[in-house]
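I have placed the structure first, in the form of structure tokens, so that the comments after it can refer back to it.
The values are calculated or read from the model by the stated rules, or taken from the named source; none is laboratory data. Keep in mind the model is a prediction, meaning the values are calculated, not measured. Cβ sites come from the backbone with ideal geometry, for glycine too, and all protein chains shown count toward neighbours. Calculation scope for accessible area: heavy atoms of the full protein, side chains included, ligands and nucleic acids excluded. Shrake-Rupley method; radii C 1.70, N 1.55, O 1.52, S 1.80 Å.
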Amino acid sequence: TNDIVAGGEYEAELEFVSNTLTSIEVDITAAEGTETIYYNWYKTSEYVDFASEAEIRASLIEECYTPMTGSGSVSKTYANPGEEWVLATFSIGTDGKYGKVVAKTFSTADIPYSENITVEVVSCTLSEDGKNYTVTVNVTGADKVMGYNITDNESAKATYLKNVCMNGHRSSYYGYQMANVTDGQAVLTFAKSTYKKNYYVAAYTVANNAVNAISKDIAVIDLGL
């Protein structure tokens, strides 16, 4: 193969298509005369460490296992809510010349917090046989709640909120409890666990078969286990 050389005027156009809590989709449109487009997704913290376009091009050639031969759509999956990524590209023309690096920052959808939605624990009682808890919560601004028994830490909270947003529109979701809000209250029940120490409850609303707003603060019940 011939070595590529500078001097090309081939610059791909990057256009946002859609995002979810865990993915981003972007259209890459090839410039006229383009033969190959190298592309890759980078965390913003990693991308700023490149010292030159030459370093970026070298990385793209190494990391892009299947270069594009025309326009197309690319996606980044398994990202977290509100996470930023840089999509970088450089194009080579049919004349063997490459153009400038084209890069844009895109982000996954963020959790749709609402200051108008609140959830507050009223009571948490253990059944007489010691097998199940019943939790009652007061709710404002929402019509559904979702609860989960889990060890309390920031990573667990982030995963929990993501799962509420992704699955709260369902009638059930494995391991989670769901209930409707009636007259400002909701009641949840869950089995007692000997190793999980807390119980989370979030309140939220659903529209068009998707969670469109969720309480900024969640109720955390310390079960003392």
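Helical content alone sets the calculated 222 nm signal of the chain at -3500 deg cm²/dmol, taking -39,500 (n - 2.57) per DSSP H segment of four or more residues and averaging over every residue. Measuring spread by the Cα atoms of the range 1-157 yields a radius of gyration and Dmax of 23.8, 80 Å. Annotation note: trypsin sites (Lys or Arg not before Pro) in the range 1-79 located in DSSP loop regions with a Cβ neighbour count of at most 13 within 10 Å are absent.
A dipole drawn for the range 37-77 from +1 and -1 charges on Cβ atoms has a positive end, and of A58, S71, V48 the residue lying farthest that way is S71. Please identify, among A88, A207, A31, the residue showing maximal mean-square fluctuation in a Gaussian network model of the chain using a 10 angstrom Cα cutoff. Answer for the Gaussian network model of the chain: A207.
Report the FRET efficiency, 1/(1 + (r/R0)^6), for N167 and A6, where r is their Cβ-Cβ distance and R0 is 45 Å, rounded to 0.05. It comes to 0.35. Using the empirical formula 2.2 N^0.38 Å as the baseline, the Cα radius of gyration of the range 15-57 reaches a ratio of 1.45.
In the context of the full set of protein chains, the chain has a per residue accessible area of 55 Å² (1.4 Å probe). Each Lys or Arg adds one and each Asp or Glu takes one away; over the other residues whose Cβ falls under 13 Å from the Cβ of V211, this sums to +1.
Over all other residues within a Cβ to Cβ distance under 13 Å of T89, the charged ones net out to -3, with Lys and Arg as +1 and Asp and Glu as -1. Remark: accessible surface ordering of I4, I111 (largest first) is I4, I111, probe radius 1.4 Å. Remark: accessible surface ordering of Y47, Y133, Y113, Y65 (largest first) is Y65, Y113, Y47, Y133, probe radius 1.4 Å. Axis of helix 154-167 versus longest Cα principal axis of the chain: the two differ by about 90°, to the nearest ten degrees.
In this calculation the C-beta distance from S75 to D222 is compared with R0 = 45 Å, giving a FRET efficiency of 0.65.
The angle between the Cα long axis of helix 53-63 and the longest principal axis of the Cα atoms of the chain comes to about 70 degrees, rounded to the nearest 10. Relative to its Kirkwood radius, the Cα radius of gyration of the range 27-92 gives an Rg/Rh of 0.97. Taken one residue at a time, the phi angles of the range 5-11 give Karplus couplings (6.51, -1.76, 1.60, θ = phi - 60°) of 10, 6, x, x, 10, 9, 10 Hz. Gly and Pro are set to x.
Among the listed pairs K157/K192; K76/K196; K100/K162; K43/K157; K131/K216, those with a Cα-Cα distance over 27 Å are K76/K196; K100/K162; K131/K216.
When Rg and Dmax are taken over the Cα atoms of the range 73-158, they come to 23.6, 80 Å.
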